[in-house]
Each structure stands twice: as structure tokens, then as C-alpha cells.
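Below is one structure, written out as C-alpha cells; the observations come after it.
The values are calculated or read from the model by the stated rules, or taken from the named source; none is laboratory data. Model, not experiment: these values are computed from the prediction. Backbone-built Cβ (ideal geometry, glycine too); neighbour counts: all protein chains shown. Surface areas here come from the heavy atoms of the whole protein model, side chains and all, with no ligands, DNA or RNA. Shrake-Rupley method; radii C 1.70, N 1.55, O 1.52, S 1.80 Å.
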Amino acid sequence: MRMETDMMTVNLLRLCYNCDDAHLCETEEQCKACWTELGLLPIENENEGQRETKAFLQMIHE
């Protein structure tokens, strides 16, 4: 559970900080729905290579 909480906090800071509509999300579920709609969350059925590449690119551009 702690890792899930930590990821939620990281996502809030990374994905919501500069969002003009962040004030509209009042629950974790709303945040997750927004991130999914905007394509900001990893897709569950991506293969491992795609996940590794995406993670590497995200690290470079942070």
C-alpha cells in the first residue's frame, strides 16, 4: 500500500502541478481518470520493452 501511496504522490506532483484544471480533481479516482484520459498513465498491456523505453525517456526528460 505504501508504494501505491508514494506513486500517487509522485503522480500528483508530476502530472497535476502545472495543470490548469487540477482544482477540479477532488479525489484520487478523479485524478486517475484524468491521467488516463490524457494518456499520462502507463498502459497495462504494453510489453516490457515499451515500458522500459518509456521509463527511460521519462527519466531523461524530468
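Observations, loosely collected:
- Boolean, L57 is of a type in the set (A, V, I, L, M), open to solvent by 100 Å² or more (accessible area, probe 1.4 Å) and modelled with pLDDT of 75 or more: no
- The residues listed here are E26, E37, E62; of these, the one that is at pLDDT below 80 and not small (G, A, S) is E62.
- A Cβ distance below 6 Å, combined with a sequence gap of six or more or placement on separate chains, defines the contacts here; from the stretch 15-39, residues that are under 21 Å from H61 (Cβ atoms) reach residues that are open to solvent by less than 80 Å² (accessible area, probe 1.4 Å) and outside any helix (DSSP H, G or I) in the pairs L15/L40; C34/C25; W35/L41.
- Qualifying residue in the stretch 14-21 (condition: of a type outside the set (S, T, Y), assigned to a helix (DSSP H, G or I) and within 17 Å of A55 (Cα to Cα)): yes
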